[in-house]
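To start, the structure itself, in structure tokens.
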Amino acid sequence: MVDPADFQKLRSPSALRLFVEQEREKVCADPEDLKRGLLKKGLHKEFLDELVSISWFAVLAYPESYQINPVLGNQAYDAVVYDDLGNEVDRIEMTHPHDGAAEAEDAKLVVEKHIGKVKIGIPGDDFYALTPFVLETCRKKSKKDYSKCSLVIAIEPMKPFGGFEDSYEERVHELLGQIASIHFKARRVFLLVLPDRLEEVNFL
């Protein structure tokens, strides 16, 4: 399992990304730890819901000379960012909107029966299903003070099927517009489409 001290160690963006991938490989190589990971037991929840996304965001948003310090706990941020002189330059509040109940049920099926639910639909259905959870999370976040933070909304929809790229782009920009209509108390707000697409929300 992920060590709390290792979880919170200062790392450059690329070193944090490497650490996350190495830890993921360790978990996948251990059947019992993989079960705990799927069920988000212990630090696996923070690792999957926060650190994976923070590592991608850090690579996309900050220079390699910066240091990222993930922080466990219930404070109003998940990581502190320092520049090459050791000065604090940002804080990251990561949120990962999703259908938690459905994902937990599916993970339990995978652990018990080694197969999850089969879903049938048309391209883009998963994006539309995700949108209400994103907007609900954003509305809740808008009521809190993140004035010292970069607020990052991380989502992981399916990649677009061939021929549906334009429709996928429309969904992304439509969601950006919906998020932009919400007033946040934050330094900056980003939409992170995992793994490696980062869009800053431009408010009117």
* Once phi is turned into θ = phi - 60°, what whole-Hz ³J(HN,Hα) does the Karplus curve with 6.51, -1.76 and 1.60 give for every residue of the stretch 178-192, x standing for Gly and Pro? -> 5, 5, 5, 7, 9, 8, 10, 9, 8, 4, 8, 10, 10, 10, 9
* Hey, can you grab everything whose amide H is under 5 Å from the amide H of residue 78? Only 5+ residues off in sequence or another chain; H modelled, so Pro and N-termini drop out. => 92, 93, 94
* **Length added when fully stretched, residue 26-residue 169, from 0.36 nm per residue minus Cα-Cα** => 48.0 nm
* Simple label model, 7 Å out from Cα along Cβ direction - residue 185 to residue 198, nm -> 2.6
* Structure fact -> Given backbone amide H placed at 1.01 Å from N, residues whose amide H is under 5 Å from that of residue 148, ignoring those fewer than 5 places away on the same chain, are 187
* **Ranked 182, 92, criterion: other C-beta atoms within 10 Å, fewest first** => 182, 92
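Based on the mean of other Cβ atoms within 10 Å per residue, sort peptides 184-196, 4-16 so the most packed one is first.
Top of the packing list down: 184-196, 4-16.
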* Compare the peptides 57-67, 77-87, 159-169 by average per-residue count of other Cβ atoms within 10 angstrom and give them in order, highest first. => 57-67, 77-87, 159-169
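Any read-out appearing in this document is the output of simple, stated calculations on the displayed coordinates, not a laboratory observation. None of the values given here were measured: they were computed from a predicted structure. Cβ sites come from the backbone with ideal geometry, for glycine too, and all protein chains shown count toward neighbours.
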